[in-house]
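First the structure, in the form of structure tokens, and then the observations on it.
Just so you know, all these numbers are worked out from the coordinates, no wet-lab data involved. From a predicted model like this one, the values you see are computed outputs, not experimental measurements. All Cβ positions, glycine included, derive from the backbone under ideal geometry; neighbour counts span all protein chains shown.
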Amino acid sequence: MHILGGTSDFFGLDMGVSAVRVVQLKGTGPTKTLDRYGQTPITGTVALSDSKADRQRIAQVIHELTTRVGISTKNVAANLPSSRVFTTVIDIDRLPPEELAKTISYQAESYIPTPLSQSKIDWAIIGNSPKDPGKIELLLSSVPNDFIERRLEILESIGLNVVAFEPDNMALVRAITSPDTAAPWLILDIGNAATDLVVVVGGMPHLARSIPMGQQAFVRAAIQGLGVDPSQAEQFVFKFGLSRDKLEGQVYDAIIGTIDGLVAEIEKSIKFFGERYRGAKLEGIVVTGGASTLPELPLYLANKFNLNVEIGNAWRNVNVPTERQNEVLAVSNHFAVAVGLAERET
Ligand SMILES: Nc1ncnc2c1ncn2[C@@H]1O[C@H](COP(=O)(O)OP(=O)(O)OP(=O)(O)O)[C@@H](O)[C@H]1O
Ligand SMILES: [Mg+2]
């Protein structure tokens, strides 16, 4: 047991595609204070790989990172990448809690893509169903057991004790939004391999999906369109992004098709949300993730959807000592998931 105001007895861990990140908070009450954080870049496919060598490698990276940063606990709340988590919203009869759990496990099989016996499911009540007054709506998630088991094995192999696994999108929302915001916002984490999309209302996700497009897809388009090598393509993409007045718009021309592919997926989700919750209108879009920093991408999204686009601050619900504020804001785009995990109640 820890004393009031002490360091949290767990830390948040984000095993992302391009880096491993850790955050530990301290203090109690609704707003905790930053204690320690850090990241180690990784390359290739290590994070999602199932090979034994890659799993050992990532365990080693996590071990070195927690040691270097000075994480003071073995307890960890770890992420599950949205690409491996299936999330859906379902309507279900209004039932007393005991019966609800039973009914959900009976019915889950028909909603999730993997056999129930091979999946771990989890759910949260969103509220009244907008479709049927006799029902409530639930956010239902499922993850294949073997994926969880492999992650558990990685973490236990370096002596860590997993107190929670949480999908990226849930952690993201906790870090980036305020539970007091009643109006719906669209959150986008445009990462390395994928973009996580969540529509959040009052701190609760009402729609969540992972779109398999991110920095890698943009860079691939630039390699092809510009005929340059991968590292040059990456430089061009992050330097010029969607500005049409740079390099005669060549970078824009190379990547705009791919960006519009992402835009089309976002549009589908906005439409779906509007149809399910008749009359609900998005207040705006909050973007985060490494690839959200492409020049003029936020502006492009704002014009496409005619919505305000804000740059998310991963640390908005954390007290950060003044002298550390510049340093943490510089990495804000990469830390939402790790911060959100560290902000959990356990
Ligand atoms: N200025 C920049 N120049 C080059 N690359 C950049 C720049 N800014 C961000 N990036 C890229 O953004 C990516 C990291 O984004 P982010 O931290 O969101 O990814 P991730 O969390 O590891 O990925 P995922 O969420 O898909 O697991 C890296 O691949 C990094 O190379
Ligand atoms: Mg990420």
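Miscellaneous remarks
- Once C-alpha pairs closer than 8 Å and six or more residues apart are averaged by separation and normalised to the residue number of region 84-143, the relative contact order reads 51 percent.
- Annotation: for a label point projected 7 angstrom from Cα along Cα→Cβ of Thr40, no residues of region 214-246 have a backbone N closer than 20 Å.
- Over region 84-143, volume per residue of the alpha carbon convex hull, in Å³: 78 Å³
- Among Asn317, Asn308, Asn169: highest mean-square fluctuation, GNM of the chain, C-alpha pairs under 10 Å: Asn308
- Put in line by how crowded their Cβ is, counting other Cβ atoms within 10 Å and starting with the fewest, Lys239, Lys26 read Lys239, Lys26.
- Environment charge of Ser18, counting only residues whose C-beta is closer than 14 Å and scoring Lys/Arg +1, Asp/Glu -1: -3
- Pairs of lysines in region 211-309 whose Cα atoms sit within less than 17 Å of one another amount to 5, provided the residues are eight or more positions apart or on different chains.
- Antiparallel DSSP beta bridges within the chain, percent to nearest 5: 70 percent
- Label-to-label distance, nm, for residues given as Asp253 and Thr322 (7 Å Cα→Cβ offset): 5.2 nm
- Residues Tyr252, Tyr111, sorted so that the one with the fewest Cβ neighbours within 10 Å comes first: Tyr111, Tyr252
- Based on the reciprocal of the average 1/r between different C-alpha atoms, the Kirkwood radius for region 270-346 equals 14.5 Å.
- With K and R counted +1 and D and E -1, the other residues having a Cβ less than 10 Å from that of Val337 yield a net charge of -3.
- Computed over the chain: relative contact order in percent, which uses C-alpha pairs under 8 Å that are six or more apart: 19 percent
- Multiplying the residue separation of Glu275 and His63 by 0.36 nm and removing their Cα-Cα distance gives an extension gain of 71.7 nm.
- Exposure proxy order (Cβ contacts within 10 Å, fewest to most) of Asp35, Asp132, Asp91: Asp132, Asp91, Asp35
- Note on region 67-114 and region 146-225: Cα centroid distance 14 Å, given to the nearest whole angstrom.
- In the frame of its principal axes, the chain has Cα extents of 63, 50, 43 Å, reported largest first.
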